[in-house]
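Worksheet: the structure to be examined is printed underneath.
Read the figures in this text as sums done on the coordinates, not as results from a lab. What you see is a predicted model, and the numbers here were worked out from it, not measured in a lab. With ideal geometry, Cβ positions are generated from the backbone for all residues, glycine too; neighbour counts draw on all protein chains shown.
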Amino acid sequence: MGVLVLAGILLLVVVGCVCVVWAARGGPRWVRVVSAVTLGVAWIVTALVRGVGSSRSRSGFGSNSDSGGSDD
């Protein structure tokens with residue numbers, strides 16, 4: 001079941017990317033609409049991922065803090 005869900009998501013991503021390229025070349029109206037939706041979703045996902053990354057760095061995950069070693 002999980003494989004089918006992931007395959008469906010991958011298919012949507014590929015179709016969205018094809019529509020973005022096609023719309024850049026002057027495709028029909030529905031392609032431009034799908035392209036706009038794809039770019040909007042990509043922008044939202046990027047903003048969410050950057051938000052998660054910045055909250056991790058603020059909370060100390062992945063920071064280069066002192067590991068307890070000596071400074072000889």
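In segment 28-60, what residues are assigned to a helix (DSSP H, G or I) and at positive phi?
none
Any residue in segment 26-50 that's free of Cβ contacts under 8 Å to residues at least 40 places away in the same chain: show its pairings with residues that are of a type in the set (Val, Ile, Thr) and part of a helix (DSSP H, G or I) at Cβ separation under 7 Å, as long as the two are six or more apart or on different chains.
Cβ pairs passing all conditions: SER35/VAL20; THR38/VAL20; LEU39/VAL20.
Is it the case that some residue within segment 35-48 is touching a Ser or Thr at 6+ places or on another chain (Cβ under 7 Å) and of a type in the set (A, V, I, L, M, F, W, C)?
No: segment 35-48 contains no residue that is touching a Ser or Thr at 6+ places or on another chain (Cβ under 7 Å) and of a type in the set (A, V, I, L, M, F, W, C).
What's the total number of residues in segment 1-27 that are part of a loop (DSSP other than H, G, I, E, B) and among the hydrophobic types (A, V, I, L, M, F, W, C)?
Adding up the residues that qualify gives 1.
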